[in-house]
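*Asks:* Let me begin by handing over the structure; questions about it come next.
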Amino acid sequence: MPRIGDYELHTIECGRLRLDGGAMFGVVPKVLWERRAPADSRNRIQLCMRALLLEQRDRLILIDNGAGDKHSPRFRDLFNLEGCTVEQSLHNAGFNMDDVTDVVLTHLHFDHAGGSTTRVGDRCVPRFPNAMYHVQRDHFEYALKPSHRERASFLPDDFVPIGASGQLNLVEESGLLMPGITVRVVNGHTSAQQIVKISGPQGTIVYVADLLPTVHHLRLPWIMAYDVRPLETLEEKAVFLDQAVARNWQLFFEHDPDVAVASVEQTERGVQYSNPRPLSELF
């Protein structure tokens, strides 16, 4: 497994889902995006839910955790949820849920935070009993009272039990979260999403979450209709990608079904990805 600083990195696959292609690419015409992301008969494209696990001697840090397994058959059909759960993938990597000491949630949409809790009888409880959950304060407060536009993406069972458990750390803005790990707040997709940067002597990898859900979203105008502030997303992407190119950051894609990690480079056609590869070939 690759290592950055004190952390050994593991990919944790949390299953797959399908979302509406038009919503995923916003104003981009279907004739353009469907060449890269073919749609099914319900206009949905295939996406991945890919978490990142950071293993240190005395900590095990999980970034996001997929949609979880609490959903009704109707919900599962609507989003075509399938594949392994975070629990199965952790087991495949040699760990279990009790081993996780920290869960960093980029934001609380169901496909990123649904695996945070599990149903026990008629209530939901934190799925990682020994973990502290790290969420931006502004985002957690927003998720409790979301706008009508985003209400369907925030499922209270995914995060309200965490707030009641005493396992919640509310993060204040961008900055250092743990040694070698910083978070950066972006507000275009949703209020106070935090993307996660891991740095060490070997280099830097950034878990870009829904700032750049797939490699196709590297194109500046390719912005999701799900984003609540698309013009802000445009500015955030431009600044971030300039830095990523200049500083040779490696990007870890949560939703791209084919590309886990890629480099980025400036070309005549704008920033493009290069050297797509699995995490095991990071450096």
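*Asks:* Condition test on T267, is it hydroxyl-bearing (S, T, Y) and more than 27 Å from S153 (Cβ to Cβ)? Can you show your working first?
*Replies:* Values: hydroxyl-bearing (S, T, Y): yes; more than 27 Å from S153 (Cβ to Cβ): yes.
The answer is yes for T267.
*Asks:* Additional query: Residue check, V245 against (1) under 18 Å from the mean Cα position of the chain (by Cα); (2) over 26 Å from C14 (Cα atoms); (3) of a type in the set (A, V, I, L, M, F, W, C), all met but one. Which one?
*Replies:* That leaves (1) as the condition not met.
*Asks:* Within segment 167-189, can you find the residues that are more than 15 Å from the chain's Cα centre (by Cα) and touching a residue at least 24 places away in the same chain (Cβ under 8 Å)?
*Replies:* Q167, L168, N169, L170, V171, E172, E173, L177, M178, P179, G180, I181
*Asks:* Still on this structure: Do any helices (runs of 4 or more DSSP H) lying entirely in segment 50-144 carry at least 3 residues that are touching a residue at least 60 places away in the same chain (Cβ under 8 Å), and which ones are they?
*Replies:* Counting at least 3 such residues, we get 86-92.
*Asks:* Can you name every residue in segment 88-117 that is among the hydroxyl-bearing types (S, T, Y) and either open to solvent by less than 30 Å² (accessible area, probe 1.4 Å) or at pLDDT below 95 (or both)?
*Replies:* Going residue by residue through segment 88-117, those that are among the hydroxyl-bearing types (S, T, Y) are 89, 101, 106, 116-117.
If the condition is that a residue be among the hydroxyl-bearing types (S, T, Y) and either open to solvent by less than 30 Å² (accessible area, probe 1.4 Å) or at pLDDT below 95 (or both), then S89, T106, S116, T117 are the ones that fit.
*Asks:* Considering segment 1-44 alone, what residues qualify as being assigned to a strand (DSSP E or B) and among the hydroxyl-bearing types (S, T, Y)?
*Replies:* Restricting attention to segment 1-44, the residues satisfying the condition of being assigned to a strand (DSSP E or B) are 3-4, 7-20, 39, 44.
Passing the criteria: Y7, T11.
*Asks:* Could I ask something else about it? In segment 143-162, how many residues are under 18 Å from the mean Cα position of the chain (by Cα) and open to solvent by less than 70 Å² (accessible area, probe 1.4 Å)?
*Replies:* 7
*Asks:* As an exercise: evaluate L47 against (1) open to solvent by less than 60 Å² (accessible area, probe 1.4 Å); (2) part of a strand (DSSP E or B); (3) more than 21 Å from Y226 (Cβ to Cβ) and give the number of the one condition it does not meet.
*Replies:* (3)
*Asks:* Here's another thing I want to ask about it. Provide a single number: the residues in segment 159-182 that are closer than 15 Å to H112 by Cβ and touching a strand residue (DSSP E or B) at 6+ places or on another chain (Cβ under 6 Å).
*Replies:* Residues in segment 159-182 being closer than 15 Å to H112 by Cβ and touching a strand residue (DSSP E or B) at 6+ places or on another chain (Cβ under 6 Å): 1 in total.
*Asks:* Just one of G83, G5, G68 is among the small types (G, A, S) and open to solvent by 40 Å² or more (accessible area, probe 1.4 Å); which is it?
*Replies:* Numbers: G5 fails: open to solvent by 40 Å² or more (accessible area, probe 1.4 Å); G68 fails: open to solvent by 40 Å² or more (accessible area, probe 1.4 Å).
Being among the small types (G, A, S) and open to solvent by 40 Å² or more (accessible area, probe 1.4 Å) holds for just one of G83, G5, G68, which is G83.
The values are calculated or read from the model by the stated rules, or taken from the named source; none is laboratory data. Remember, predicted model here, so these are calculated numbers, not experimental data. Cβ atoms come from the backbone with ideal geometry, glycine included; neighbour counts cover every protein chain shown. For the accessible areas, the whole protein counts, side chains as well, though only heavy atoms, and no ligand, DNA or RNA atoms are used. Shrake-Rupley method; radii C 1.70, N 1.55, O 1.52, S 1.80 Å.
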